[in-house]
Each structure stands twice: as C-alpha cells, then as structure tokens.
Amino acid sequence: MTSQQARAFWVTAPGQGIIRDEPLPIAGPTDATVRTLFTGVSRGTESLVFSGAVPESERARMRAPFQAGEFPAPVKYGYCNVGQVESGPKTLLGRRVFSLFPHQTRFVVPVSALNPLPDDVPSGRAVLAANMETAVNGVWDAGRIRQVVSNLMGNAIQHGSPEAPIDLSVASKGTASAGSGLGGSTVVLSVHNEGVPIPPDLLPTIFDPLKRYATRESAAERSPGSIGLGLYIVREIVVAKGGTVEVASTAEEGTTFTVRIPLAQVSPGD
C-alpha cells in the first residue's frame, strides 16, 4: 500500500462487508491528510446500515457527511473518527482531530471538517464525540440548575392556560475553542406557556422578590397568583453562574422565559 492509498470498510450486502484498498485524492490548499487513530461504530445506526435495514424514506436523512455509495449497498459509512494530521496547514500538523469520516485508515478532507482535540482528552474517549451531537452537555451545580428549571416550570403551570401545553426547550449556542473546555459555548433554556400575559408595567420588576400579579381571566373567580421568591431565585442562580434571564409576554405569543448560561461554570481555583 503506497502513501496515496488507504484501507476502508464497505458494506457490500446486508450482513456482509469487506475491507478495500482506497486511493487517496490529492490534497488541495485547504485540505489536510489524516491518519486514523480510532474509529468508532455507532451500534444503533450502523446496525441498520450493516443489515441493509435503512428505510427508503430515511436514506437521505441518514446519509453521513463523507459517505461513499448508496443505501442499502455497497456503501462506506461511519462518522466517529479520531486521527492525527499528517499533512496540511502548519497549525494542524501533528495535531489530533475529530471528524465525521467513515471507517478508513487515512483520508483527505477539508480543514473545515476537522475539530482539533484538547491535549488532555484521550483519543479513545474523544471518538465518542459524535454521540453527543443531539445532547447539551454542561458542567454545573446540578442542584441549582434543577431549581432553575423547577421554578420556571412551576411558574408556567401556575400562571399558564390549563388547556394549553407548556414547552421546555434546551439548545447550545456557540462553539467552544480547542483547549478551553466548554467555555466558548452557552446553553439556552426556554420555558413557554400560553395564557393571560404578564402586564407590561410589571415586566421590568418581574424578577424582584415578593411580586404578585393576577394571571387568570377573572380575578373574581380565581385568586391572584404569587410570583413570591421563585423568579427571584431563578435570577440569582443564573446571574451567579455568569448568565442572563429574560421574559417576553404578549397575548399573541404567550409568555417565554429564556435563560442563557455558559456551558462550563468553573470557580476560581478549580
């Protein structure tokens, strides 16, 4: 096998696969050549691929970024690769990187497809990065974050319409820089409910302690709800963790509380 060749695993038929020699393309000025250190198998997804059971309706959705061939076979599949850069930009030479490349010993990809790994992350552990693509992972005080979610959900239950659902969403924004843990990213948590909106004149002080307001269509029929200390505690916890909390409330859009917190919250000296 020459320096311009590699070996790759291909699914050739349901339940069958072979390792083939693969010619490597010539790397361009924005490409890098990577030698695989670890390649991981996603047990759920790749079991479907190997058995030829990918539904026809899902084949476009399940296509991997650097997949070769088509479902059901022959196909070169996979997306969990940790390798070392053999050639490319000087800033990446010798660096360990994660990419979404199939099972292959060496490969050429655009530099933009490579994610440099922090020095203190073992290669065998980094190969699991693809399994976190649908999750938000953070380093926090679990009890405090649990209290934030509980207080916001309790507030939505108390003041929202009993006929409408409450929506809780969590997403990450931003990208952490290599070697800096998770510090470059932020988690955005939103709790939304329908119902009578918060009066506009109360919005500026909604997070102050011991605030009360009526949330129902008829104050005569239902007693006023109490903000009490719940939202005040939410604000204090979020601010202490370097984050922010906001509220938007209208009759047309309902009420949404939005919390933004850095994914990594590390105290000085840790």
Hey, does the range 161-172 have a residue that's in a loop (DSSP other than H, G, I, E, B), among the charged types (D, E, K, R) and either in contact with a strand residue (DSSP E or B) (Cβ under 8 Å, 6 or more places away or on another chain) or modelled with pLDDT under 90 (or both)?
-> yes
Expected output for the range 33-46 (first residue closer than 18 Å to S123 by Cα, partner acidic (D, E), Cβ below 9 Å, 6+ apart or cross-chain) is T33/E86; V34/E86; R35/E86
What about E236, is it in the same structural domain as Q147 (by TED's automatic domain parsing), out of contact with any Pro (no Cβ under 7 Å at 6 or more places or on another chain), under 15 Å from I145 (Cβ atoms) and at pLDDT 85 or above?
-> yes
Take the residues in the range 102-126 that are under 19 Å from the mean Cα position of the chain (by Cα) and in contact (Cβ under 8 Å) with a residue 12 or more places away in the chain, then tell me which one is surrounded by the most Cβ atoms within 10 Å (Cβ to Cβ).
-> L114
Spot the failing condition for V82; the list is (1) more than 14 Å from L114 (Cβ to Cβ); (2) of a type in the set (V, I, T); (3) crowded, with 20+ Cβ neighbours inside 10 Å, and only one is missed.
-> (1)
Quick one: is G83 at pLDDT 95 or above and at positive phi?
-> no
Restricting attention to the range 28-63, which residues are closer than 24 Å to V82 by Cα and hydroxyl-bearing (S, T, Y)?
-> T30, T33, T36, T39, S42, T45, S47
Restricting to the range 1-20, what's the tally of residues that are without any contact (Cβ under 8 Å) to a residue 60 or more places away in the chain, of a type outside the set (K, R) and over 20 Å from V85 (Cα atoms)?
-> 6
Count, please, the residues in the range 31-66 that happen to be within 13 Å of V109 (Cβ to Cβ) and of a type outside the set (D, E, K, R).
-> 7
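Quick one: would you say V34 is closer than 12 Å to H103 by Cα, β-branched (V, I, T) and within 32 Å of the chain's Cα centre (by Cα)? Working first, answer last.
Details: closer than 12 Å to H103 by Cα: no; β-branched (V, I, T): yes; within 32 Å of the chain's Cα centre (by Cα): yes.
For V34, the condition - closer than 12 Å to H103 by Cα, β-branched (V, I, T) and within 32 Å of the chain's Cα centre (by Cα) - is not met.
Of everything in the range 64-74, what is under 23 Å from A129 (Cα atoms) and surrounded by 14 or more Cβ atoms within 10 Å (Cβ to Cβ)? Give them in sequence order.
Going residue by residue through the range 64-74, those that are under 23 Å from A129 (Cα atoms) are 64-68.
Passing the criteria: A64, F66, Q67, A68.
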Those strands (runs of 3 or more DSSP E) lying entirely in the range 1-91 with at least 3 residues of a type in the set (F, W, Y) and touching a Cys at 6+ places or on another chain (Cβ under 7 Å) | none
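Filter the range 129-160 for residues that are modelled with pLDDT under 85 and not small (G, A, S) and give the result. If you could, list the steps in order and put the result at the bottom.
To start, the set of residues in the range 129-160 that are modelled with pLDDT under 85 comprises 129-142.
Matches in the range 129-160: N131, M132, E133, T134, V136, N137, V139, W140, D141.
The values are calculated or read from the model by the stated rules, or taken from the named source; none is laboratory data. If you're wondering where the values come from, they're calculated on a predicted model, not measured in any experiment. No Cβ is skipped: glycine too gets one built from the backbone with ideal geometry, and neighbour counts run over all protein chains shown.
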